[in-house]
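Here the structure comes first, spelled out in structure tokens, and everything after it is commentary.
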Amino acid sequence: MKVLYVASECAPFIKTGGLADVIGAVPKALKPLGVDLKILLPAYPALSDILASGRSVCTCDDLFGGPAEVVEAKTEGLSLLLLDATHLYDRPGSIYLDETGHDWHDNHLRFGALCRVAADIANDGAGAWTPDIVHAHDWQAGLTPLMIELDDLPNPPATIITVHNVAFQGLFPWQEKDTFGIPDEHFTHEGAEYWGKLGFLKAGLSYADAITTVSPTYARELLTPEFGMGLEGVFQNRHDDLHGIINGIDLDTWNPKTDPHLAKNYTSRSLDRKAINRAALAERFGLDDSDGPLFCVVSRLTEQKGLDVLFEALPTLVEQGGQIAILGSGNSDLEEAFRQAQERYAGQVGTIIGYDEPLSHLMQGGSDAILVPSRFEPCGLTQLYGLRYGTLPVVAKTGGLADTVSDVSEETIRKKTATGFTCEPGNVEGLRDAISRACKAYGDRDLWRQLQKNAMRQMVGWEKSAKAYLALYHHLVSA
Ligand code: ADP
């Protein structure tokens, strides 16, 4: 089975969020199942060393304004096809935003080009390699299934699109259709049109043979106006082709036993060592010594993540004897609010604004609990890292958070299935209550230790979900 992934990020090479973690991890889990998977990725400057180590497999004289080349390189157990097009990707800063914080003016070209080349690979192959399945991820790869359809190949590959977050849809003026050779007949509700615009994600949802998203609960939520972000009708129409497959995590990268970013490695049998990581974390964040629980946040600071709700609940957290370390960046009002909280609650609240991969590991190793109070959350990965590190998740019951965290109750304690604390999304009172329950449970050392062991026993790797993807690939190929 040969599968081409089409994506805009891939850990550990280039990452802005969970998408990268998933793209970097699933191929390793599919490999032992006999899947030969290559990842088509823009050759951003961060990938220049890998690019230099690769070999050219195809070239193009003019890809939307300049020459391009696809270079194959193998690294870190992954097989990459890097789309080298300097006029599109060779620029400093964020992969999505310019220096003023706005989307790059030519993002439709940058990611439309990625889709165009994916369709070319489906047609002509990369070297002698031609995929059976083309699997597009998020809006950046969304035009791929339509381009493959327009190419009208005698033996087209099956196509899949995975929705990692429906909030990002890639909307552009409809006139851009000419750039991509999309005929007007596709300007329909059933096609690539979204309220008068060209929708990259919409096109993917309309033309892919199958749609997946990253948790069963989010798959159900996408059918509703509350979560579907205007695309609920499309999801309803394609209900039979929509599959919710829960994300896993890379168990090698996220392993408290071997994680090089921890001050002290530990397992579920040596949880006392977590205290050494906690001390290191407290020092980084300027937190006082304390007997209360240390919560953490590792997140984009946005409304989606419910961090305005958390901000309102901070006084409760501190009053209950808790401390909190916050690592994130995003919305400038939220950044400022958490900076001020650090001053108001000096020694109890610590804030670091920025993106810091090694620190994100120490946060998991050194904290007692991780807060993920999202309004919606397709899957969420930080609560899975929390489970793996015995750092109990305190989460809103939505999307993948609802699927992966089991609330502490008398019954779940008895059954040894309790792994965290849940509350309703977007509700300050609910979050205060969950935080209070966590603080109280932390006071009972035996209970807390049991909860940590329950959490660390959870199967959070890719094994099961990789099999679900493989079953879907087989189903599509045989159809
Ligand atoms: P999303 O993709 O919506 O941002 P996820 O929970 O799926 O949320 O994935 C977020 C990923 O990004 C996790 O690997 C998390 O550790 C990482 N992350 C988020 N913010 C930061 C940050 N400020 N520094 C380091 N890593 C971060």
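The values are calculated or read from the model by the stated rules, or taken from the named source; none is laboratory data. Predicted model, so just to flag it, every value in this text is computed and none were measured. Cβ coordinates were reconstructed from backbone atoms using ideal geometry, including for glycine residues, and neighbour counts include every protein chain displayed.
Filter region 324-339 for residues that are in contact with a strand residue (DSSP E or B) (Cβ under 6 Å, 6 or more places away or on another chain) and over 26 Å from Ser436 (Cβ atoms); which is farthest from the ligand (Cβ to nearest atom)? Step by step, filter region 324-339, then rank; the result is Asn331. Residues of region 247-259 include none that is modelled with pLDDT of 95 or more, within 16 Å of the ligand (Cβ to nearest atom), farther than 22 Å from Leu387 by Cβ and surrounded by 21 or more Cβ atoms within 10 Å (Cβ to Cβ). For region 168-198, the tally of residues that are part of a loop (DSSP other than H, G, I, E, B), surrounded by 14 or more Cβ atoms within 10 Å (Cβ to Cβ) and either more than 29 Å from the chain's Cα centre (by Cα) or on the phi < 0 side of the Ramachandran plot (or both) stands at 8.
Would it be correct to say that Thr316 is of a type in the set (Val, Ile, Thr) and under 28 Å from the mean Cα position of the chain (by Cα)?
no
Considering every residue within region 352-361, establish whether at least one is at pLDDT 95 or above, away from the ligand (no atom under 11 Å from the Cβ) and either touching a Ser or Thr at 6+ places or on another chain (Cβ under 8 Å) or under 24 Å from Gly420 (Cβ atoms) (or both). The answer is no, given that none of the residues of region 352-361 is at pLDDT 95 or above, away from the ligand (no atom under 11 Å from the Cβ) and either touching a Ser or Thr at 6+ places or on another chain (Cβ under 8 Å) or under 24 Å from Gly420 (Cβ atoms) (or both).
Leu287 meets the conditions (1) assigned to a helix (DSSP H, G or I); (2) farther than 20 Å from Gln383 by Cα in every case but one. The failed one is (1).
All conditions but one from (1) in contact with a helix residue (DSSP H, G or I) (Cβ under 6 Å, 6 or more places away or on another chain); (2) away from the ligand (no atom under 16 Å from the Cβ) apply to Lys2; the one that does not is (1).
Scoring Asn165 on the criteria (1) within 12 Å of Gly112 (Cβ to Cβ); (2) of a type outside the set (D, E, K, R); (3) not in a strand (DSSP E or B) leaves a single failure, condition (1).
Sub-6 Å Cβ pairs linking a first residue in region 292-312 that is within 8 Å of the ligand (Cβ to nearest atom) to a second residue that is part of a strand (DSSP E or B) and not hydroxyl-bearing (Ser, Thr, Tyr), at least 6 apart or interchain, are Val298/Leu327; Ser299/Gly328; Arg300/Gly330, ordered by first then second residue.
Of all residues in region 372-381, those satisfying the criterion of being under 19 Å from Phe311 (Cα atoms) and either of a type outside the set (A, V, I, L, M) or more than 12 Å from the ligand (Cβ to nearest atom) (or both) are Pro373, Ser374, Arg375, Phe376, Glu377.
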